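**Q** Quick one: the structure is below, and I'll ask about it shortly.
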Amino acid sequence: MNKPRNILKYLTNPLLLLPAVAIDIVFLIFPFFYGLYLSFMSSMKSPTFTLENYVYCFSGYSSMLLTTVEMAALITIILIVVSLPIAYFLAIKIKSDAIKTLILLVILAPFWIDWNIRTIAWYPVFGAGGFVSTIHLWIMHALGYHSVQPISLLYTLISIIITWIQSYLLFMVVPIYLILLRMDPTILKAASTLRAGTFKTFYHITLKWSFPGIIIGSVFVFSLAMVDYATPILIGGGLPTIGVTVWNLGRWVQWPKAMAMSMIILALILVVIAVALRKVSVTRIIY
Amino acid sequence: MNKISLLIAVYLGATIFLVYLPISHLILFSFNKISSLYYPFNGWSFKWYEAFIEDPAIIISLRNSIAQAIITTIITVIASTAAALAFRRRFRFQNPLFYIILLGMIYPGVTLGLTNLIVDVQVLNLPLSIWTISFTLSVWCIPFGLIILLMRFDPKLSRYEEAARIHGASEWKVFRNVTFPIIKTELIVVALFAFTLALGEVFRSTFVSPPTSPVLPVLLLSTLASYPPTPKYFALGTVIAVVSLATILTGGAIMSRRGGLLVRK
Amino acid sequence: MTSNKKLVVENLAKRFGKVIAVNNISFEIFDGEFFAIIGPSGCGKTTTLRCIAGLENPDSGSMLIDGLNVSGMPTYKRGMGMVFQDLALFPHMNVFDNIAFGPRMIGRPKDEIKNEVDEVIGLVRLEGLGDRRITELSGGEKQRVALARSLVLKPRILLFDEPLGEMDPALRERMMVEIKDLHRRVGFTALYVTHDQEQAMTLADRIMVMNKGCIEQIGTPEEVYLNPTTLFVAKFVGTINLIRGKVISIDKNKKNIEVETDVGIFLAPMQDEATAGMSIAYAVRPENLFVGKEAANYANKIYAKLTNRTYRGLDTEYTFQLSNDEEFKALIQEERERKIEVGEETTLGWRTEDAAVISKPSVIRGLDVDRVLLGE
């Protein structure tokens, strides 16, 4: 004979999840489906089913799509290379927790400065008459060239990439750092007693261990870079990326087209996530 | 420290240099006497600070930003704490639900903002307001909060709750007397995190921000996209930078008092 | 003995997915009794405890405490106390608040709470430590706070979930004495779960041996030690020497059984279930073995070679290797120690009445003598 169990206990969990899930459904999932529906509509006023929005995107913007993907891939790879030594150093070489925290905060602090502000802060660095330009002039003068025009890196691909390094560093360093924290550093010592040189150790052990972190970080950086529109606008001189395009389409109330473009981006990102999930079990890491 | 460590330390120094290069210029040129963002530096002046304080559009948008950030923080703390508490146990649909919540983190900001705008305008006929911004940003902030909490929760928390239950505490009493006091600090960390995230967010806010009284980042983006920046914005930026950094350092100090940054030891 | 039945468990069952943790068990605990459940990890003892505590919901079965059916009742209403393995003392409270937690939760009036807590603090000898934070306490002090936290509520049953697991042996000894002493003074009913049969033997009035979700045997420590009903219990409780054998004949006059094994033919007291030809395990406890010249006087003898000698203060444990390569252990008190060197061969002897024949491998169907001997 079994009385009905603690009903409240069964209710608690769903109730606890309700706020987060409800917000997701109302403000992410439902708008997504509406957007999906819109992407197949010819216009806002008299909606008829059509594929013209997608045709428009693919025909007019396929090269831009490719360029954006290339840019995103580039920054991802650059950030992997840049972040690995940092994460390795912090996680493994520094023993004191306090110093670890301090250095992390110092490196990542700019992340919490307003996006626009820290982007335009690059103007005095990249622009004509700025930091880079001034140094370049000094070098040129020292080498004997005296009538050199000041260079400006503004509105170039380089400036976008470097700005992105600063903007997205956190998203690559933190996942790798967290994963490496779980590695017992004595494994590396053990490897060296087995005659593995420094680089071999790094490759076989550290790299393999940090792999999940690299994957997670890459997913973040790639997805974020793909749709970033503020940086290309402010530093890139409006370099047309997907993000900028969608932003423009949105501003001009070309919503069906904007939605079609968004869906294409989403599909791309979902593919990236799906591939990543095969390599990494996020849930096992978190809980 | 061996050679490799030295190399990496130098590398670290270089990275920090790179990261702080623009910020140091930000601060420097905010004091520039003339309206130039480029060398040579012309002398010290506070006039840009006065300029932005006296700019009504900036001040109003700053107020909006703070109001919105507070609301977003409250929503995020409640939703992510509740979810984190739920995720400690196994239950059906645990993984799918986790991914759904996590989706908000990685979902393109442009799409999130735009789709919400469209829904508000077309479907709901809802005027844009601080509330529309807050809820939209919550979608993005909640996964951050969830992950921070799950990684920082004391693994013995469930045990304490069991002990409480056995000794006479009903569910609500367990939460009030045991769970909440123990997780209090983590909630503050999430709050600080969410606040700073929401304050500086621009990708999503741009679309769901009321056009006549936007939040600060949105105002800045539209202004700076159309007109070249002046040191006035650098002054504003410096103030924001100082406040943000202070907040994060406080949060970092709190977090590291209870074990390492981000991970409970 | 017509003591009140404090706890009556009937047909309790619980499974986790495909694994059956508790397999339809029934047992009773009497008022004021110290009842221990022992068994290897995974046998279901902790799950049983948690079902009684209300921390797990059984799939079926009923639990009556003081006649009250607690099966549907939420944990906090069941009026029990529990000492956890990791103690689970509230880290954000000091000693006093930890102990006062229960009374506060059930709504005792404030002034009475202070009296009750002080009383219990005196009972467990923690006077003066009320203000301390939990982190400042020693292992033994923490243990006593855990006990106090439960005792202050005058629980119907005091549950113990392997509380002495993470202690060093000296502390464990002291705590066992304290728990036993507390039980004698206060008279609470205790349900003590452990995998350490030594603790159970020391503390319990009755022991229940569990295996793979089933009850192997319930009895007093003496019953379980001297008269194990199954091979599993014999192996689990204390050390025992076992040899596989077959019953050759039964002598109804002398009340003996004759058993044939690889290493010889031995006698054991008669048992009802034993029939000729039956495959059984022949058992004799190490403390009942005589070594060397003395062994000649006894009815049962075998040759064995000494492979190891472990001096343990109170006694010495000798490990022998029999001619079939199996191991026999003997426990010799110091005074009767014979000087035998490792590698030497000698004779071991024992009385017939000290041996036993165990026919039942286990309560679990599908296990035969061999498998249980191997330790399944």
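**Q** For B:ILE166, work out the one condition from (1) under 23 Å from A:ILE233 (Cβ atoms); (2) touching a strand residue (DSSP E or B) at 6+ places or on another chain (Cβ under 6 Å) it doesn't fulfil.
**A** (1) is the only condition that B:ILE166 fails.
**Q** How many residues, within the range C:48-60, are within 14 Å of another protein chain (Cβ to nearest Cβ) and open to solvent by less than 10 Å² (accessible area, probe 1.4 Å)?
**A** Residues meeting the conditions: 6.
**Q** Conditions first: (1) at the interface with another protein chain (Cβ under 9 Å from one of its Cβ atoms); (2) part of a helix (DSSP H, G or I); (3) within 29 Å of C:ARG50 (Cα to Cα); (4) open to solvent by less than 10 Å² (accessible area, probe 1.4 Å). B:VAL139 passes all but one, so which condition is the exception?
**A** (3)
**Q** Take the range A:132-188 and flag every residue that is in a loop (DSSP other than H, G, I, E, B), farther than 30 Å from A:ASN116 by Cα and either touching a strand residue (DSSP E or B) at 6+ places or on another chain (Cβ under 7 Å) or not β-branched (Val, Ile, Thr) (or both).
**A** Of everything in the range A:132-188, those that are in a loop (DSSP other than H, G, I, E, B), farther than 30 Å from A:ASN116 by Cα and either touching a strand residue (DSSP E or B) at 6+ places or on another chain (Cβ under 7 Å) or not β-branched (Val, Ile, Thr) (or both) turn out to be A:GLY144, A:TYR145, A:HIS146, A:SER147, A:ARG182, A:MET183, A:ASP184, A:PRO185.
**Q** Kindly indicate whether A:ALA142 is on the phi < 0 side of the Ramachandran plot and at pLDDT below 75.
**A** no
**Q** Out of B:PRO210, B:PRO155, B:PRO214, report the one residue that is exposed (fewer than 15 other Cβ atoms within 10 Å of the Cβ) and assigned to a loop (DSSP other than H, G, I, E, B).
**A** Result: B:PRO155 is the single residue among B:PRO210, B:PRO155, B:PRO214 that is exposed (fewer than 15 other Cβ atoms within 10 Å of the Cβ) and assigned to a loop (DSSP other than H, G, I, E, B).
**Q** Scan the range C:17-47 for residues that are touching a residue at least 60 places away in the same chain (Cβ under 8 Å), in a loop (DSSP other than H, G, I, E, B) and open to solvent by 20 Å² or more (accessible area, probe 1.4 Å) and jot them down.
**A** The answer is C:ASP31, C:GLY32, C:PRO40, C:SER41, C:GLY42.
**Q** Quickly run through the range C:56-91 and pick out the residues that are under 15 Å from B:LYS173 (Cβ atoms) and out of contact with any Gly (no Cβ under 6 Å at 6 or more places or on another chain).
**A** Hits for the range C:56-91 are C:PRO74, C:LYS77, C:PHE90.
**Q** State which residue is farthest from the other protein chains (Cβ to nearest Cβ) when the search covers only the range A:34-52 and only residues that are open to solvent by less than 80 Å² (accessible area, probe 1.4 Å) and under 15 Å from B:THR115 (Cβ atoms).
**A** Among those residues, the one meeting the criterion is A:PHE40.
**Q** Please report, ordered by residue number, the helices (runs of 4 or more DSSP H) entirely within the range C:78-171 with at least 1 residues that are of a type in the set (Lys, Arg) and more than 26 Å from C:ILE37 (Cβ to Cβ).
**A** Per the criteria, C:95-106, C:110-123.
**Q** Another one. Only strands (runs of 3 or more DSSP E) wholly contained in the range C:186-288 count here; list those with 3 or more residues that are open to solvent by 70 Å² or more (accessible area, probe 1.4 Å).
**A** Per the criteria, C:241-251.
**Q** Just to confirm my filter: which helices (runs of 4 or more DSSP H) fall fully inside the range B:1-119 and include at least 2 residues that are open to solvent by less than 20 Å² (accessible area, probe 1.4 Å)?
**A** Here the list reads B:3-30, B:56-86, B:94-106, B:109-118.
**Q** For the range B:165-202, give me the residue count where each residue is crowded, with 20+ Cβ neighbours inside 10 Å, at the interface with another protein chain (Cβ under 7 Å from one of its Cβ atoms), over 19 Å from A:LEU108 (Cβ atoms) and of a type in the set (A, V, I, L, M, F, W, C).
**A** The qualifying residues number 3.
Every residue, every condition in (1) on the phi > 0 side of the Ramachandran plot; (2) in contact with an Asp or Glu (Cβ under 7 Å, 6 or more places away or on another chain), yes or no:
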site	(1), (2)
C:GLY187	yes, no
C:THR194	no, yes
C:GLU198	no, no
C:ASP205	no, yes
C:MET208	no, no
C:ILE215	no, no
C:ASN227	no, no
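**Q** Sticking with this one: Answer yes if at least one residue in the range A:68-83 is more than 7 Å from chain B (Cβ to nearest Cβ), assigned to a helix (DSSP H, G or I) and over 23 Å from the mean Cα position of the chain (by Cα), and no otherwise.
**A** No.
**Q** In addition: Somewhere in the range A:164-186, is a residue in contact with a His (Cβ under 6 Å, 6 or more places away or on another chain), modelled with pLDDT under 85 and open to solvent by 10 Å² or more (accessible area, probe 1.4 Å)?
**A** No - not one qualifying residue is present in the range A:164-186.
**Q** Please specify each residue of the range C:48-72 satisfying the condition of being touching a Lys or Arg at 6+ places or on another chain (Cβ under 7 Å) and part of a loop (DSSP other than H, G, I, E, B).
**A** Correct list: C:GLY54, C:GLU56, C:ASN57, C:PRO58, C:ASP59, C:ASP66, C:VAL70, C:SER71, C:GLY72.
**Q** Filter the range B:121-131 down to residues that are more than 9 Å from chain A (Cβ to nearest Cβ) and in a helix (DSSP H, G or I), then give me how many there are.
**A** 4
**Q** Since C:VAL70 meets every condition but one in (1) within 11 Å of chain A (Cβ to nearest Cβ); (2) open to solvent by 20 Å² or more (accessible area, probe 1.4 Å); (3) without any contact (Cβ under 8 Å) to a residue 24 or more places away in the chain, which condition does it not meet?
**A** Here C:VAL70 meets the rest and fails (2).
**Q** Right, another one. Which one of these is out of contact with any Leu (no Cβ under 6 Å at 6 or more places or on another chain) and more than 11 Å from chain A (Cβ to nearest Cβ): B:SER61, B:SER45, B:SER36?
**A** Result of the check over B:SER61, B:SER45, B:SER36: B:SER45.
**Q** Answer yes or no as to whether C:GLU258 is among the acidic types (Asp, Glu), within 26 Å of C:GLU223 (Cα to Cα), out of contact with any Pro (no Cβ under 8 Å at 6 or more places or on another chain) and in contact (Cβ under 8 Å) with a residue 24 or more places away in the chain.
**A** no
The values are calculated or read from the model by the stated rules, or taken from the named source; none is laboratory data. Here the structure is a predicted model, which is why all the values come from computation and not from measurement. Please note: Cβ atoms are built from the backbone with ideal geometry, for glycine as well, and neighbour counts cover all protein chains shown. Just the protein is used for accessible areas: all its heavy atoms, side chains included, with ligands, DNA and RNA removed. Shrake-Rupley method; radii C 1.70, N 1.55, O 1.52, S 1.80 Å.
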